[in-house]
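K.L.:
Can you keep this structure in mind? I'll have questions shortly.
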Amino acid sequence: MRRLHALARDPRHYQVAILTALLVYGRVSGNLVVPLARVALLVGATLLTQLGFTRLKHLPKFDPRSPLISGLSLALLLRTGDWWLAALAGFVTIAGKFVIRYRGKHVFNPTNLALVAMMLATDRVWVSPGLWGHTAVLGFALAGLGMLVVYRAARPGVPLTFLCTYVAILFGRALWLGDPMTIPAHELASGTLLIFTFLMISDPKTVPDHRWGRLMWAALVAGVAGFIRFELFHPSDVIWALAVCAPLVPLLDRLLPHARCQWPGHSGDDHGTPPRRPAHPWARPRPLAPGLGLLRVLRLAGEHEALQPLVEGGPRPRR
């Protein structure tokens, strides 16, 4: 029972289960055009890269959960006709979070970094904007499963703020132009958007540490995505918006310092960096008991030569 409780506390187990279920659904329904060999290649590339950096950085142990999530996410979002580009994307996904870091925290979401880097490097890699079709039932199912993940990750404000702001932009523009409401509703029924909202932007390791910083940053990502979609006419607007806004996270962490999120049961992150704050950001430090506080004051006073006679009960020093 203790083992099952520990598994239930870690949100990465829910993410792996959801991504695997999406892949199985795609194969059964025929909407997933990626062959199983490509899925195995992406997952294998991320796991091998994680293992290599574990040995290179002399980390205490190999943790396959985060690279497994990255590999499954790439299998759902990445589209390419070249196997070596898929393998390179898997390498960039894991290498980026070890190399591009600031104060012990990786700046970019690993999957997002790989997608943007590969699309910038070659035109033979793209993201399918209409993934999974526009079925409302599937959309609600993805939203419900994603909410379960972000609830376990203790960061529900990020996807909710992003989604509310993005919905307001889509429907506000439709009202301004006089378009029917079916147009923004059709744009929201996208599997890529829901996967991005509940499984990418909600990553607790790459969002600002402070609550207000997370809310402002999520709204900014939605605003940048709206600009990219309607001004630059790019279908992968949310993917590019997250990459553009990711470098602002270290700035918000400096302006609004707060406890950093850690996975349950871990004394550090998956890169060997020890936590600078308590493992659980919502757990405040316990105050010292009055007796312990007095003993600490007496101990510190006893270390001072002028106050040592007072602590020991001796006569006061003469001036």
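The values are calculated or read from the model by the stated rules, or taken from the named source; none is laboratory data. What you see is a predicted model, and the numbers here were worked out from it, not measured in a lab. Don't worry about glycine lacking a Cβ; one is built from the backbone with ideal geometry, like all the others, and counts go over all protein chains shown.
K.L.:
I'd like the full set of residues that are without any contact (Cβ under 8 Å) to a residue 12 or more places away in the chain and not in a helix (DSSP H, G or I), limited to region 170-224.
P.N.:
GLY178, ASP179, PRO180, MET181
K.L.:
Looking at this structure, is LEU22 in a helix (DSSP H, G or I), among the hydrophobic types (A, V, I, L, M, F, W, C) and closer than 23 Å to VAL107 by Cβ?
P.N.:
So LEU22 does not fit the description; no.
K.L.:
Take the residues in region 190-211 that are farther than 20 Å from ILE69 by Cβ and in contact with a Leu (Cβ under 6 Å, 6 or more places away or on another chain); name whichever of them is surrounded by the fewest Cβ atoms within 10 Å (Cβ to Cβ). Step through it out loud before you land on a result.
P.N.:
Of region 190-211, the ones farther than 20 Å from ILE69 by Cβ are 190, 208-211.
From what is left, the residues that are in contact with a Leu (Cβ under 6 Å, 6 or more places away or on another chain) are 208, 210.
Numbers: PRO208: 23, HIS210: 18.
This residue is HIS210.
K.L.:
Select the helices (runs of 4 or more DSSP H) contained entirely in region 53-164, then report the ones holding at least 2 residues which are over 16 Å from ARG12 (Cα atoms), over 21 Å from the mean Cα position of the chain (by Cα) and modelled with pLDDT of 90 or more.
P.N.:
Working: elements: 65-77, 83-99, 110-121, 136-152.
It comes to 83-99, 110-121.
K.L.:
May I pose another question? Please verify whether ALA219 is assigned by TED's automatic domain parsing to the domain that holds LEU163, surrounded by fewer than 23 Cβ atoms within 10 Å (Cβ to Cβ), at pLDDT below 85 and not hydroxyl-bearing (Ser, Thr, Tyr), treating the condition exactly as stated. Steps first, please.
P.N.:
Values: assigned by TED's automatic domain parsing to the domain that holds LEU163: yes; surrounded by fewer than 23 Cβ atoms within 10 Å (Cβ to Cβ): yes; at pLDDT below 85: no; not hydroxyl-bearing (Ser, Thr, Tyr): yes.
Answer is no for this residue.
K.L.:
Quick check on ALA37: is it closer than 18 Å to THR111 by Cβ, modelled with pLDDT of 90 or more and among the small types (Gly, Ala, Ser)?
P.N.:
Numbers: closer than 18 Å to THR111 by Cβ: no; modelled with pLDDT of 90 or more: yes; among the small types (Gly, Ala, Ser): yes.
So ALA37 fails the test.
K.L.:
Does region 6-19 contain at least one residue that is at pLDDT 90 or above, closer than 23 Å to THR206 by Cα and either surrounded by 20 or more Cβ atoms within 10 Å (Cβ to Cβ) or touching a Lys or Arg at 6+ places or on another chain (Cβ under 9 Å) (or both)? Talk me through it step by step, then tell me what you get.
P.N.:
Restricting attention to region 6-19, the residues satisfying the condition of being at pLDDT 90 or above are none.
Scanning region 6-19 turns up no residue that is at pLDDT 90 or above, closer than 23 Å to THR206 by Cα and either surrounded by 20 or more Cβ atoms within 10 Å (Cβ to Cβ) or touching a Lys or Arg at 6+ places or on another chain (Cβ under 9 Å) (or both).
K.L.:
Taking PHE198 as meeting all but one of (1) modelled with pLDDT of 90 or more; (2) touching a Pro at 6+ places or on another chain (Cβ under 7 Å), write down the number of the exception.
P.N.:
Among (1) modelled with pLDDT of 90 or more; (2) touching a Pro at 6+ places or on another chain (Cβ under 7 Å), the lone unmet condition for PHE198 is (1).
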